[in-house]
1. Taking the Cβ-Cβ separation of A:Val81 and B:Tyr222 as r and a Förster radius of 51 Å, what is the calculated FRET efficiency to the nearest 0.05?
2. Using a basic spin-label model with each label point 7 Å from the Cα along Cα→Cβ, how many nm lie between A:Leu237 and A:Thr212?
3. Using Cα atoms only, what is the angle between the long axis of helix A:40-58 and the major principal axis of chain A, expressed in degrees (0 to 90) to the nearest 10?
4. Direction-averaged shadow area of the convex hull around the Cα atoms of the stretch B:206-359, nm²?
5. Taking the Cβ-Cβ separation of A:Leu149 and A:Leu247 as r and a Förster radius of 22 Å, what is the calculated FRET efficiency to the nearest 0.05?
6. Expected output is a single nm value to one decimal: the length gained when fully extending between B:Asn274 and B:Ala37, i.e. 0.36 nm times separation in residues minus the C-alpha distance. What is it?
7. Taking the Cα atoms of the protein assembly as shown, report the difference between the largest and smallest coordinate on each principal axis, in whole Å and largest first.
8. Place a point 7 Å from Cα of A:Val258 in the direction of its Cβ. Which residues in the stretch B:128-162 have their backbone N less than 18 Å from it?
Amino acid sequence: MDQAALLAVLLTIVTASTPLLLAALGELVTERAGVLNLGVEGMMVMGAVAGFAVALTTGSPYLGIVASALAGALLAVPFGVLTLNLVANQVATGLALTLLGLGLSGLIGERFVGQPGVRLTKLHIPGLSDIPFVGPIVFGQDVLVYLSLVLAVAVSWLIFRSRAGLILRAVGDNHASAHALGYSVIRVRWAAVLFGGALAGLGGGYLSLAYTPQWIENMTAGRGWIALALVVFSSWLPGRLVIGAYLFGAVTILGFFVQGLGVGVPAQLLSSLPYIVTIAALVVISTRRGRARADTPACLGQPFVPDR
Amino acid sequence: MRIELEKRPERSTVMAWASPLIAVLATVVTGGLIFAAIGKPPLQALWIFFLEPFSSLWSIEELIVKATPLILIGVGLSVAYRANVWNIGAEGQFTIGALMGGVVPVFFTSWQSPLTLVAMLALGILGGMLWAAIPALLKIRTRANEILVSLMLVYVAQLLLDWLVRGPWRDPKGYNFPKTVGFEDWQTMPVFGGGRLNLGIVLALAAAVGLAILMRRTMKGYEVRVLGEAPRAGRFAGFSSDRMTLFVFLLSGGLAGLAGIVEVASTVGQLQPNISPGYGFTAIIVAFLGRLDPIGVVVAALMLAVSYLGGEAAQVALGISDKAARVFQGVLLFWVLACDTLILYRLRIVRPEAAVEGV
């Protein structure tokens with residue numbers, strides 16, 4: 001493989017991994033607070049349609065980014081009301097969120113089907129971005145790529161090095177004790193749910209603004225679910241999540257690269273690769289029982305009703 | 001002013017009945033608001049969407065046809081969810097059921113016997129069970145999350161079907177269209193009534209009654225409820241949650257597979273890339289709206305079938321996108337879950353001045 005081809009593959013891996021990293025990072029924080037939100041797919045796809053629509057009407061991909069985060073957080077609101085205030089079943093409510101997001105985005109996006117979108121351009125730092133090979137990879141990405149990595153570091157710092165993170169983990173690991181200590185479990189969880197929604201929205205926005213700048217119905221194609229699997233895979237550790245997301249992006253892209261070489265494999269088999277790899281990853285990580293169990297936030301999925 | 005939840009001393013029986021009705025009512029109101037928001041006359045749109053499907057014999061028959069797969073899948077899911085086992089991959093099990101049952105018409109084209117259809121249905125059930133066994137066994141052996149595995153398999157199943165009907169199973173005389181040979185008379189479900197109703201609805205109702213008896217009158221049904229509501233107590237009673245996981249997955253998967261083969265052997269009539277407008281996912285809503293009770297599921301399936309038909313009618317009459325139906329389905333599930341809180345809790349309005357009153 002010559003250098004240009006290798007560069008192209010590496011750059012595509014970054015674009016394929018970023019939406020997964022963004023969405024999974026949000027869900028990681030949500031789950032650290034003890035809330036399982038299965039609506040990632042729905043919030044992502046709403047972010048995708050909102051980002052596309054706003055970028056198209058205003059002409060600014062950056063306003064599109066803001067809109068996608070807002071749309072994701074907005075869709076997380078009914079989830080929060082139901083699971084946090086009305087103690088509804090988190091699994092069922094998350095599913096409802098996904099179904100609603102897929103339907104609503106289809107309805108909103110109908111008039112945008114087939115329209116060319118606004119592409120989020122890659123940064124160009126004179127000098128640095130022009131360094132052969134290394135330049136485009138390290139200094140020539142778009143802002144969301146950098147944002148996703150900065151956020152990963154920030155989340156890691158927040159969880160393990162800050163007081164807020166201590167409270168977040170307390171709420172997720174033992175909500176009764178956190179409540180007894182005087183922390184508002186519901187308020188912390190609300191913040192985590194909204195953050196998760198905003199990041200899922202950003203991940204979706206990345207798809208419709210940078211990955212393939214157009215609107216296609218259901219364009220998230222299960223990435224929200226893959227992000228959920230990545231959180232399990234990472235054992236709720238942001239550092240491992242970055243590795244997981246990039247490994248995952250690499251596997252997906254290598255599949256397409258193999259197809260490009262003209263190997264006689266059906267396209268459908270390659271398209272199913274991400275889903276099969278997800279299952280394999282879940283199996284591998286779950287087999288290491290003791291470890292994975294210890295990392296799981298102890299109150300994950302359990303509703304909390306304050307007894308005043 | 002703030003609203004607080006107060007736990008009821010026991011489940012409210014009134015609310016258990018009323019909450020689905022409140023949810024439907026709230027969905028209709030929300031629907032009206034959505035119609036108004038997209039600039040359509042709300043009342044007229046609601047009429048077309050929710051009431052016109054009942055206006056003629058033709059559409060009532062159509063309603064039953066649409067409800068059939070929803071009942072078959074929904075009753076199985078209701079038992080699984082009762083056991084606190086989350087099979088959300090019914091859409092995939094539906095697809096594999098259709099595919100396995102389709103083996104007979106695709107490869108044994110000329111085998112004409114009363115047993116042909118029986119074999120197809122049996123293969124359909126088997127296909128659904130096989131596909132559902134994957135998440136169940138992975139859950140039991142490795143503790144891999146069944147929600148994610150069963151959902152991932154939906155995509156794999158759809159891609160498998162897509163590959164088969166575009167490749168090896170394509171009808172050689174089909175002008176390159178992605179479809180298999182059309183099913184012959186003896187390979188399709190017997191019809192009755194005005195010629196649209198088929199045996200599928202009979203199977204669906206039988207499944208609903210059978211599972212209602214299972215849940216209410218048998219030890220197995222008791223085991224499902226105990227393991228779902230109090231897993232620890234269930235284990236002390238000697239029930240195995242692993243065996244229960246496998247049981248409900250095979251049950252719900254088999255029924256979803258049956259729904260798949262019934263659907264392709266009746267309304268679709270061949271295998272093609274799109275064989276379902278998301279029945280496997282809508283059935284999740286059906287299961288919850290039906291209060292996770294097999295008989296409730298039948299009623300709920302008919303209501304959700306209205307949203308499919310109403311969606312088509314509204315598209316023709318008012319140019320409302322067919323996507324609106326899916327929005328309603330999502331909104332409905334939200335309201336159902338919200339209203340279910342009322343069964344266990346009472347809403348209490350707390351006014352800040354109430355605290356001062358005592359002084």
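No lab work stands behind these numbers, since they all come straight from the coordinates. All values derive from a computational prediction rather than experimental measurement. Note that each Cβ is placed from the backbone with ideal geometry, even for glycine, and that neighbours are counted across all protein chains shown.
1. 0.90
2. 3.5 nm
3. With both axes taken from Cα atoms, the answer is about 50 degrees.
4. Details: hull surface 62.7 nm².
Across all orientations, the stretch B:206-359 yields a mean hull projection of 15.7 nm².
5. Details: r = 15 Å, r/R0 = 0.69.
Working from the Cβ atoms, E equals 0.90.
6. Values: separation 237, 0.36 × 237 = 85.32 nm, distance 3.12 nm.
Working it through step by step, the gained length comes to 82.2 nm.
7. 82, 75, 58
8. Label zone hits: B:156-157, B:159-160.
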